[in-house]
1. Being under 14 Å from the mean Cα position of the chain (by Cα) and either modelled with pLDDT under 95 or more than 16 Å from SER125 (Cα to Cα) (or both) is the filter here; which residues of the range 183-202 pass it?
2. Please state which one of GLU170, GLU213 is more than 24 Å from THR25 (Cβ to Cβ) and away from ligand 1 (no atom under 15 Å from the Cβ).
3. Quick one: would you say HIS128 is more than 16 Å from ligand 2 (Cβ to nearest atom) and crowded, with 21+ Cβ neighbours inside 10 Å?
4. Taking the options ALA72, ALA51, ALA46, ALA20, name whichever one is touching a residue at least 12 places away in the same chain (Cβ under 8 Å), closer than 14 Å to LEU134 by Cβ and either buried (at least 23 other Cβ atoms within 10 Å of the Cβ) or within 15 Å of ligand 2 (Cβ to nearest atom) (or both).
5. Within the range 85-109, restricting attention to residues that are out of contact with any Gly (no Cβ under 9 Å at 6 or more places or on another chain) and among the aliphatic types (A, V, I, L, M), which residue is surrounded by the fewest Cβ atoms within 10 Å (Cβ to Cβ)?
6. When both residues are 6+ apart or on different chains and their Cβ atoms are under 6 Å apart, which pairs have a first residue that lies in the range 186-206 and is over 16 Å from ILE92 (Cβ atoms), and a second that is of a type in the set (D, E, K, R) and in a strand (DSSP E or B)?
7. Residues ALA258, ALA306: which one is more than 25 Å from the chain's Cα centre (by Cα) and either buried (at least 22 other Cβ atoms within 10 Å of the Cβ) or at pLDDT 95 or above (or both)?
8. Out of all the residues in the range 151-179, which are within 14 Å of ligand 2 (Cβ to nearest atom) and under 23 Å from ASN13 (Cα atoms)?
Amino acid sequence: MTQTRLFQLDPYNPDQRAIAIAAATLRAGQLVAFPTETVYGLGANALDASAIQRIFEAKRRPTSDPIIAHLASKAQLPEVAINIPQLAWTLIEQFWPGPLTLVLKRHPRVPAILSANLDTIAVRSPHHPIALALLQAAGLPIGAPSANLFAHPSPTTAQHVLQDLSGRVEVVLDGGPTAIGVESTVLDLTQSPPVVLRPGGVPFETLHQHLPEVTLNPRYLSLDDSTNISSSPGMLTKHYSPQAKVWLFTGPLRQVLAHMQATAKRLTGEGQKVGLLLPDEEQNYFSHLPAQLVQLGSETDLSQIAANLFAGLRELDSQGVEAILVRDFGREGLGLAIWDRLYRAAEGQVIAVSGFPI
Ligand code: TXA
Ligand code: MG
C-alpha cells in the first residue's frame, strides 16, 4: 500500500505546484492518475520498464495487454516510433490533440513491456489541459491505460479512480468528470489498409472521410459470435464489467422496450434487485417498477449517453443491483463505441429482440 495524494485542479487553470509534484512523481518511477478528454489514465514513465511494470500490478492487468503512450505533442513522436508514414502526420494534423490513438512501429528505446512485447506502439496526444500540463512538466512520454482495476468500468471521475486504486497510486489529479466518457479510437497504421481496432471518441465515419480505405475490425460489423475473435491484443470480450449481470437488448425500439419491461418485471418478481440504464426519454416506461433507474441523457445526443455510460454502470453497482438492463444506441457515430462497451460489459451476451410482438 502506498499513500495516495489527491489534488483538486481547475482544468482550465491547473495549479502548477500540483502539476510539478505529479511530474516529479512520474520522473521518480511512480504512478499518477490524471484526467484526459476520454477517461482517466493511470500514468507512468513510458521509457521506464519497472515503472510500467507497476501499472500492470496496480491495475491487476495481464502483461499481454499493451499500453498507450501519451505525448505532449507530435514533436515527441520520433522519440517513441520509427518508420512513421506520411499518413500518420496527416491524421495527426487533423485529430491531435484528441481521442485518436495510432499504432505505429515501436522505437527500440521504448521498453517492450509497454507494448506487451509487440514491435508496435500505440500513441496519442490527449486533448485535456491537465494531461497536457503534466506531459509538458514531466518532459516524458507517459504510458497510461484507463485508471480502473482490470475489467472494471473505465473511470470518468477521480472518485471512480479512488474506488479502484486508492492505496495503489501515488498521486491522483482530480479535474472533474471527463467530457467524452469512452476511450480513444485505436487505429492501426501498421496494417494496410489501416484498421480500427477499437471504436472510440473519433467516430468511424469521421475517420472514413479523411481515409476512405480505412476498415473496421470485423468483430464490430455483425452480431454473429463467430466474428467475436480477440484480434487485437487486450481486446477481450470480458471487459468493463460491473459486478451485476448486464442484459443488453437490441432490435426495433418498441419491441426492445416491451421486452426490457417484461424482463424487468420478471426479474423483480423473482426477487432480484434490478437496475436500468435509460435515456431521459424512456424513464416513464419503467418508473412504475420497483427498480433503480439511472438517466444517461437524451437519446438524441449520443455524446451525453457516452459521457454518462461508465458512471451509470458504476452507480448501479454501488446500489447493489444484480441485473442491469440496457439497450443499444445503434452503430452510427459514437453509437459504435457505446455498443462496443455495452457488448463487452454484457460479456458478449446480446438479447436480439425480433420484430414480432411478445
Ligand atoms: O482514451 C484512451 O485511450 C484511454 C486514455 C487514458 O488515454 N486509455 C485507454 O487505455 O483506454 P487502455 O489501456 O485501457 O486501452 C488501450 C488499448 C489496449 O487494450 C489495446 O487494445 C490497444 O489500446 N493497444 C495498445 N497498444 C497497442 C498496440 N501496440 N497494438 C495494438 N493495440 C494496442
Ligand atoms: Mg481500459
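The values are calculated or read from the model by the stated rules, or taken from the named source; none is laboratory data. None of these values were measured; they are calculated from a predicted model. All Cβ positions, glycine included, derive from the backbone under ideal geometry; neighbour counts span all protein chains shown.
1. LEU197, ARG198, PRO199
2. Numbers: GLU170 fails: more than 24 Å from THR25 (Cβ to Cβ).
Going through GLU170, GLU213 in turn, the sole match is GLU213.
3. Details: more than 16 Å from ligand 2 (Cβ to nearest atom): yes; crowded, with 21+ Cβ neighbours inside 10 Å: yes.
For HIS128, the condition - more than 16 Å from ligand 2 (Cβ to nearest atom) and crowded, with 21+ Cβ neighbours inside 10 Å - is met.
4. None of the others qualify; the one that does is ALA46.
5. Looking at residues that are out of contact with any Gly (no Cβ under 9 Å at 6 or more places or on another chain) and among the aliphatic types (A, V, I, L, M), I get LEU87.
6. Taking only residues 6 or more apart or on different chains, the pairs are VAL195/ASP188; LEU197/ASP188.
7. Exactly one of ALA258, ALA306 is more than 25 Å from the chain's Cα centre (by Cα) and either buried (at least 22 other Cβ atoms within 10 Å of the Cβ) or at pLDDT 95 or above (or both), namely ALA258.
8. Scanning the range 151-179 gives PRO155, THR156, HIS160, VAL161, THR178.
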